[in-house]
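Working notes for the structure below.
The values are calculated or read from the model by the stated rules, or taken from the named source; none is laboratory data. Since the structure is predicted, the reported quantities are computational estimates derived from the model, not experimental observations. Cβ atoms come from the backbone with ideal geometry, glycine included; neighbour counts cover every protein chain shown. Ligands, DNA and RNA are stripped out before the accessible areas are found, and what is left, the full protein with its side chains, is counted by its heavy atoms. Shrake-Rupley method; radii C 1.70, N 1.55, O 1.52, S 1.80 Å.
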Number of protein chains: 4
Amino acid sequence: MGKGRLEAFSDGVIAIIITIMVLELKVPAGHSLGALLPLTPVLLSYVLSFGYVGIYWNNHHHMLSISHRVSGAVLWANLHLLFWLSLFPFTTAWMGENHFAAVPTAVYGGVLLMAAIAYWILQQALIAVDGAHSELRRAIGGDWKGKLSPVLYLSGIVLSCWLPWLAQLIYVLAALMWLVPDRRIEGALEHDGGDPHG
Amino acid sequence: MGKGRLEAFSDGVIAIIITIMVLELKVPAGHSLGALLPLTPVLLSYVLSFGYVGIYWNNHHHMLSISHRVSGAVLWANLHLLFWLSLFPFTTAWMGENHFAAVPTAVYGGVLLMAAIAYWILQQALIAVDGAHSELRRAIGGDWKGKLSPVLYLSGIVLSCWLPWLAQLIYVLAALMWLVPDRRIEGALEHDGGDPHG
Amino acid sequence: MGKGRLEAFSDGVIAIIITIMVLELKVPAGHSLGALLPLTPVLLSYVLSFGYVGIYWNNHHHMLSISHRVSGAVLWANLHLLFWLSLFPFTTAWMGENHFAAVPTAVYGGVLLMAAIAYWILQQALIAVDGAHSELRRAIGGDWKGKLSPVLYLSGIVLSCWLPWLAQLIYVLAALMWLVPDRRIEGALEHDGGDPHG
Amino acid sequence: MGKGRLEAFSDGVIAIIITIMVLELKVPAGHSLGALLPLTPVLLSYVLSFGYVGIYWNNHHHMLSISHRVSGAVLWANLHLLFWLSLFPFTTAWMGENHFAAVPTAVYGGVLLMAAIAYWILQQALIAVDGAHSELRRAIGGDWKGKLSPVLYLSGIVLSCWLPWLAQLIYVLAALMWLVPDRRIEGALEHDGGDPHG
């Protein structure tokens with residue numbers, strides 16, 4: 001039951017974050033196709049962030065489906081993750097409205113980095129509470145994606161001062177890396193006889 | 001459980017989309033009835049989009065009620081659908097504020113078209129994961145509504161350059177077509193001995 | 001299960017409606033207590049509407065807790081109710097920002113009236129689908145509150161042209177009438193051996 | 001079931017409150033790091049309020065997990081709490097945009113105080129409905145945190161006229177006091193054989 005409400009609350013917050021980002025797509029004054037063109041960078045950054053928030057929801061969903069208990073620490077680690085995710089609409093709009101300029105691109109990467117760290121902390125808290133039998137611990141294995149992501153975001157932040165477009169490319173590649181289905185957790189579920197599609 | 005969270009997350013996003021559209025109904029400066037009149041086109045486009053989002057929620061609800069498993073592909077197909085639905089508030093406001101002008105009407109139809117395609121992809125993903133026994137596959141049958149809708153939206157997009165009012169009429173008719181209760185799925189449920197009112 | 005998602009979706013929409021109303025409480029420019037004073041009418045109309053939306057959520061909750069089946073008609077009647085509720089933030093802000101002027105007060109009452117009618121339609125749809133054994137039908141009995149409310153809103157609409165403050169008073173009294181706990185439904189639940197606190 | 005919907009609705013409202021607060025972090029015009037600096041007080045007040053809303057969600061979650069029944073009074077006490085929480089985005093933005101000036105700091109404390117009182121009322125309503133066997137009553141024990149908080153907020157309100165920074169410090173300390181895990185309720189659950197991590 002505790003897990004259920006944690007999922008419900010997280011679903012709610014993530015659903016709102018993913019949706020209010022679109023409010024930054026301000027309705028243009030004119031009604032020609034040309035009036036729509038200046039919105040392109042805002043739309044592109046919206047697509048990128050929609051992807052990232054979707055990935056977080058997806059991973060959060062998988063991670064909790066193979067966790068069995070939640071503790072006070074888990075609740076706070078979860079809120080900490082939601083805090084960084086809640087800054088996505090701001091950094092997304094700032095980056096889009098400034099056509100992927102250097103500083104907004106670095107700040108965008110900074111929030112990506114903090115969210116990745118917060119996700120890792122939540123993962124550790126969930127593993128700790130399930131103890132030695134943690135299915136999640138077995139499922140994540142070496143967790144190379146979780147380890148590579150912060151490195152990618154950090155490179156993006158550093159690069160954004162000189163080559164903001166390369167930073168963007170790195171953010172896109174990091175997202176695509178997560179889009180590839182994660183066989184580890186689905187595999188763990190199948191071995192356990194659970195619903196393999198979580 | 002996976003299905004439950006997919007439904008809960010989709011409900012959350014769709015609930016927010018349907019509700020933030022109303023934020024485009026900007027409070028007018030004056031307090032006479034005349035101050036309200038200029039809002040009429042915005043209100044009308046809100047009513048149309050409220051109907052469409054309601055239809056999507058309704059169909060999504062029915063579709064998932066007769067699906068039994070979700071996969072990673074389903075999760076992403078669902079997010080893809082939610083992405084196009086999330087653009088409704090923008091296109092609705094743009095079309096309404098420009099009194100159903102040609103380009104906004106075409107762009108509105110374009111998002112309707114993309115959402116219809118995304119819905120179809122999600123439907124196929126759900127059928128694929130349930131395999132040969134898919135209740136959903138039997139229930140949708142020839143799926144003439146699903147096949148006719150994109151054609152209607154396409155005609156609307158093409159027509160909007162010359163006869164935007166006709167495009168609007170087509171969008172309204174396509175919505176009404178969906179409002180008529182879908183006996184197929186309810187019938188399938190009844191044959192299965194499930195709750196016929198899903 | 002269908003009922004569960006109907007409740008979840010309605011909860012989501014009502015939760016968003018009740019919360020985005022507060023966005024009309026625009027942060028004032030100054031930082032003195034005097035800068036807060038002009039917000040008083042907006043705050044008062046917010047309190048009134050918060051009460052109304054709370055009442056609708058409460059009654060919706062009770063009504064569905066003693067309904068057993070939902071149909072396509074129920075889904076649409078529910079969306080119709082949510083549509084009128086979704087106009088509350090608009091009419092609330094318009095009425096508050098214009099210090100309860102005549103026309104905004106009448107329009108506010110008009111939306112109250114339409115929501116009351118939509119609620120009645122939903123109630124009838126729920127009774128129809130449960131048929132002769134409808135617990136809801138027994139529970140609402142003479143439904144004097146449901147019958148009196150539209151009359152009160154109508155009087156408010158008519159009166160608002162001459163005595164807007166009296167219309168406001170009527171809206172407040174109608175809300176207070178609903179705040180008094182409804183023993184009928186709780187009683188029905190108790191007779192049924194269900195959880196009397198539903 | 002009644003409890004389930006109360007939790008779901010509260011989760012929805014709290015999720016929206018915690019998320020729309022971030023909309024006050026207005027995207028700055030420039031794209032330098034300097035353009036971000038003026039947002040610091042708004043960000044800080046957002047962090048504080050995010051913490052408070054998180055604490056309320058957390059405590060609400062724990063409180064309901066050891067309550068067994070809900071009544072009409074509970075529903076209204078809950079809405080009353082949500083009302084005060086819904087004012088957080090407003091007071092947070094007002095305080096942040098005015099760099100923690102005296103009056104906004106006092107008003108912020110006033111809403112904290114009212115929310116604390118509303119929480120206490122909800123707690124009493126939940127204890128009353130579960131009667132003599134109330135697990136919640138045993139769990140909260142002396143409830144020193146619940147008793148100390150209003151005193152702290154009151155001191156903050158009074159102090160804000162002379163030493164607004166001290167009022168802020170008190171608000172921060174009161175939040176930190178709640179962040180320390182509450183062993184009482186988790187302990188009660190463990191004695192009861194329930195899930196100790198609720």
Only one of C:VAL111, C:VAL129, C:VAL107 is in a helix (DSSP H, G or I) and free of Cβ contacts under 8 Å to residues at least 24 places away in the same chain. Can you tell me which? C:VAL107
Could you tell me how many of the residues in segment C:77-88 are closer than 17 Å to C:ILE20 by Cβ and open to solvent by less than 10 Å² (accessible area, probe 1.4 Å)? 4
From D:VAL53, D:VAL107, which residue is over 30 Å from C:SER65 (Cβ atoms) and hydrophobic (A, V, I, L, M, F, W, C)? D:VAL107
Based on this model, can you work out whether A:GLY51 counts as open to solvent by less than 30 Å² (accessible area, probe 1.4 Å), over 23 Å from A:SER134 (Cα atoms) and at the interface with another protein chain (Cβ under 7 Å from one of its Cβ atoms)? no
Are any residues in segment D:28-48 closer than 27 Å to D:HIS80 by Cα and within 9 Å of chain A (Cβ to nearest Cβ), and if so, which ones? D:TYR46, D:VAL47
Matching residues in segment D:149-162 (free of Cβ contacts under 8 Å to residues at least 12 places away in the same chain and surrounded by 14 or more Cβ atoms within 10 Å (Cβ to Cβ)) number 1
For segment B:74-86, does any single residue satisfy the condition of being under 21 Å from B:LYS26 (Cα atoms) and at pLDDT 95 or above? yes
When residues of segment D:1-27 are limited to those that are part of a loop (DSSP other than H, G, I, E, B) and either facing another protein chain (nearest Cβ under 7 Å) or hydroxyl-bearing (Ser, Thr, Tyr) (or both), the one surrounded by the fewest Cβ atoms within 10 Å (Cβ to Cβ): D:MET1
Within segment D:56-108, the count of residues that are under 24 Å from D:PRO164 (Cβ atoms), small (Gly, Ala, Ser) and more than 11 Å from chain C (Cβ to nearest Cβ) comes to 0
Flagged pairs (Cβ under 7 angstrom, 6 or more apart or on separate chains; first in segment D:30-50, more than 19 Å from A:ILE157 (Cβ to Cβ) and in contact (Cβ under 8 Å) with a residue 40 or more places away in the chain; second among the aromatic types (Phe, Trp, Tyr) and not in a helix (DSSP H, G or I)) are D:PRO41/D:PHE100
Do we find a residue being under 17 Å from D:SER67 (Cα atoms), touching a helix residue (DSSP H, G or I) at 6+ places or on another chain (Cβ under 6 Å) and at pLDDT below 95 anywhere in segment D:154-175? no
Looking at segment A:134-148, can you tell me whether even one residue there is charged (D, E, K, R), open to solvent by less than 20 Å² (accessible area, probe 1.4 Å), away from chain D (no Cβ under 13 Å) and under 18 Å from the mean Cα position of the chain (by Cα)? yes
Hey, any hits in segment C:66-81 for a residue that's more than 16 Å from the chain's Cα centre (by Cα) and charged (D, E, K, R)? yes
Got at least one residue in segment C:33-48 being crowded, with 18+ Cβ neighbours inside 10 Å and either at pLDDT below 90 or not in a helix (DSSP H, G or I) (or both)? no
